[in-house]
Amino acid sequence: MRKKTLEQYVKAAPEIPTNTCPYIDFVLEILKEIKDESTSELIDEKLNLAENMLEYIRTSNDHLRQSSHYWYTKFKSVYK
């Protein structure tokens, strides 16, 4: 059986999602507008929670990108 080429592995790999930070920033901007228009402490607390969760998602996405880059680089170095 013939060994696959690196290009064949790349072609068969799942699509890499786009950078999600601009989408997170957009939602955070909407939440800031809502917070500025609200006088409710409960709404304020819920918006803070949502903001914190979005920042956690941003950090997690960054770690996934770093991990993906690490393993791709490792695969290329072992493969060649």
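The values are calculated or read from the model by the stated rules, or taken from the named source; none is laboratory data. Nothing here was measured: the structure is a model prediction, and the numbers come from that model. With ideal geometry, Cβ positions are generated from the backbone for all residues, glycine too; neighbour counts draw on all protein chains shown.
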Can you work out which of the residues in the range 1-32 that are basic (K, R) and not in a loop (DSSP other than H, G, I, E, B) is modelled with the lowest pLDDT?
K11
Six or more apart or on different chains, Cβ under 9 Å: which pairs go from a residue in the range 3-20 that's within 18 Å of L64 (Cα to Cα) and acidic (D, E) to one that's surrounded by 10 or more Cβ atoms within 10 Å (Cβ to Cβ) and at pLDDT 85 or above? Could you list them?
none
Determine if the range 42-61 includes at least one residue that is surrounded by 11 or more Cβ atoms within 10 Å (Cβ to Cβ), more than 22 Å from the chain's Cα centre (by Cα) and among the hydrophobic types (A, V, I, L, M, F, W, C).
yes
Condition test on I43, is it of a type in the set (V, I, T) and in contact with a Leu (Cβ under 6 Å, 6 or more places away or on another chain)?
no
